[in-house]
Structures are given as structure tokens and as C-alpha cells.
Amino acid sequence: MPTSPDLGITHVDPAQSQKATTVNAAIDSLDQAIAGDLELDCSAGGTITLTSAQWINMVLHLIGASGGAFNIVVPAANKKLYLVDNASGQTATVKTASGTGIAVLPGTVQFVRCDGTNVVSVNAVSTSNHLTWGAAAPASGTWAQGDVCFNTGAVAGGNAGWICVVAGTSGTWKPFGPIAA
């Protein structure tokens, strides 16, 4: 039976006797793709390949300390937007089995999208730079010039955040946005 091109939701067959069953299953799949919420235990670490029941969810809450960076593999055949909430304490790279991916740092929430080959970053300001939040400038990960980290502990006399001025592993970060005392 034919399916939708990106989410693989089953189409209704004109000759099907119980169309309501297929329509209801399609609506449930669409609901899960738009608003589904999965809590994923990543304590095993390594490479975690999402099952068909898992990848359809919009929100991926990553939990469980794995002891090191790990990969979350999503299907390349399904172009899809994900909101990744990384509460695992380790860097999670969301990727396809053979494509490139995006590192989601611990303690951050980030939109990513599978484009059918790779997983790419999505943010409201630019698709080439990353926004993150933290109590200090990032000390790990790979960063591009222009990436921004907003200060979650902003106080009078402090700064609004940090901007990466030299790309690379850990990057070189400088404070920006002085806050009046």
C-alpha cells in the first residue's frame, strides 16, 4: 500500500473495506509526529538506533548518563524535524546511519532536521550558526565563528552571553552585551 513521502503514513486504498481504520492510524501517526514526546534512556551509550515506534516522535528527551558521547541514529528515508532535549550529561550526535549529524551538547535543547541524507541544525536566526544557553561559555564541542551562548545566570554588571570569535574544537569565546549595574 502506498505511503506518504516523508513520514511513511499509510494512504487509504480506494478498494479498502475499513477505511476508518487506516484513517485513524494515519491521524495517530501525524499526531505523534507533530506532538509526540519520547523519553529515551541513553545510559547504554555508543550508538542508539531509533525504532519505528521511536523516530516518529517530535520531541526526544535524552536521559541517563552514558559515561561518554553517544550517537542517536534516525532513519534517512524519513525527512523529519526533531526537538532534542539533551539531559543525559553527555554530548549526543543526532545523525543518519551513513550521513552527517549535529552534536547536541548536554543541558541544551535544539531543533534538528533530517533532510533525507544528513541531520542538520535548525534555528530561527540562521541555519549556519548555533544558539545555545549556559552558565558559562562552552568548553567542549565544535563551534563556528558567530555561534552564540546566552548567559542563563545573567546579573547586573555581567554580560548577556558569549560569542564564538574563532571556530574550532571548544572555539574561542568572548563576552558580549554588558548588563548595566
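The values are calculated or read from the model by the stated rules, or taken from the named source; none is laboratory data. Keep in mind that what you see is a predicted model, and the values were worked out from it rather than measured. Neighbour counts are summed over all protein chains in view; Cβ atoms, including those assigned to glycine, are modelled from backbone coordinates with ideal geometry.
General observations
- Selected residue [exposed (fewer than 14 other Cβ atoms within 10 Å of the Cβ), within 20 Å of residue 85 (Cβ to Cβ) and either without any contact (Cβ under 8 Å) to a residue 40 or more places away in the chain or aromatic (Phe, Trp, Tyr) (or both)] from 132, 152: 152
- Whichever residue in the range 68-82 is at pLDDT 90 or above and either among the aliphatic types (A, V, I, L, M) or in contact with a His (Cβ under 6 Å, 6 or more places away or on another chain) (or both) and, among such residues, is farthest from residue 40 (Cα to Cα): 76
- Verdict on residue 87 being in contact with a His (Cβ under 8 Å, 6 or more places away or on another chain) and surrounded by fewer than 19 Cβ atoms within 10 Å (Cβ to Cβ): yes
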